[in-house]
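One structure is given here, and the rest of the page talks about it.
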Amino acid sequence: MPIVDRLRRRMTYGTLTPHINFERHVFVSSHHGTNHRSHVGLEVLLSFQTIRLAAKIAATCLSVTVAGGAQAQASPNAPLPRLLNKLFWPEKKPTWSPVSTVDVAGVKLGMSPEQVRAALKAGGFTPRATDPDQSSWSAMVADKLAERGVAVTDRTKVPMFTMASGPQGEHVEVWYAATRQGAQVSSVKYLLPTNRMERAAFLTGVKNKYGQPTTEDRVNSLYCSAGEQSCVTYQNKQLPHLMASVGYSNYEVFLRNGTKFSDDYRAEMASAIEAGAPKRAKATF
């Protein structure tokens, strides 16, 4: 948005409403029902905020005059408008979060199933007696090699997920990725019924534990890892991230790996398959 338009949108201080007419170079104000006019040699006003505003207006008028009127407004990258933007609207640095080391219900990314069960129990949660399983890393590699004619069999399994319940009606879901090192936590979801806690108390608890979010809106508080390129609630994130959300039936805290983890996982799997595949295999067309 051009700097002049941004000034116009933000120039309201109490009952004093300044307006700029750049064609006539006149400052017009309405205060207690009385109109006052003076030329751009702006009169000294009462409050510090108004004086500061007057300086912004004078600088903007100067930038428009020097750069050539309306053309300067259309060129936000011109030196003077760019300087004004830095002075009055400095770019806010994001508040990154150490997501890879935080926990949800005591569970952190990368934990083993045994560590997860111990952490849940220590936090007062009750895990289900058994976990469903999935093929291990070596078993998945063996299946792909078998498709290429390699005689190898591996039927080993590792846990797929762990479910647990909490004393306040909470529900916890922990999902695992079958990595080369064994099953490791790839995501943790915590759900708390909204009838067990007030909204304000939940949001306060989130900030007390995780700090100031990287970005937030009315229903979501998003915590992103340093270097995240897309820290917005409506897109996939590349790096580990945590989002706390307020829903109609449940409050939710969701910790998970980003797309980079999935991409690296697939690349490592493909490399393992190629390492065990026949070296002389080639297309016969």
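Worth pointing out:
- Between the beta carbons of Asn208 and Ser249, assuming R0 = 22 Å, the FRET efficiency works out to 0.40 to the nearest 0.05.
- Ordered by 1.4 Å accessible area with all protein chains kept, Arg256, Arg128 run largest first as Arg128, Arg256.
- Residues in the range 116-126 carry Karplus couplings, in order, of 5, 4, 5, 5, 5, 5, 5, x, x, 9, 10 Hz; the curve used is 6.51 cos²θ - 1.76 cosθ + 1.60 with θ = phi - 60°, and Gly or Pro positions show x.
- Neighbourhood charge, 10 Å Cβ-Cβ cut-off, centred on Val102 and excluding it, Lys, Arg +1 and Asp, Glu -1: +1
- Percent carbon-and-sulfur accessible area, the range 240-285, ignoring ligands, DNA and RNA, probe 1.4 Å: 56 percent
- Overall, the ratio between the Cα radius of gyration of the range 124-169 and 2.2 N^0.38 Å, rounded to two decimals, is 1.75.
The values are calculated or read from the model by the stated rules, or taken from the named source; none is laboratory data. Because the structure is a prediction, the values reported are computed rather than measured. Glycine gets a Cβ as well: all are built from the backbone with ideal geometry, and neighbour counts include every protein chain shown. Areas reflect the complete protein model, heavy atoms only, side chains present, ligands, DNA and RNA absent. Shrake-Rupley method; radii C 1.70, N 1.55, O 1.52, S 1.80 Å.
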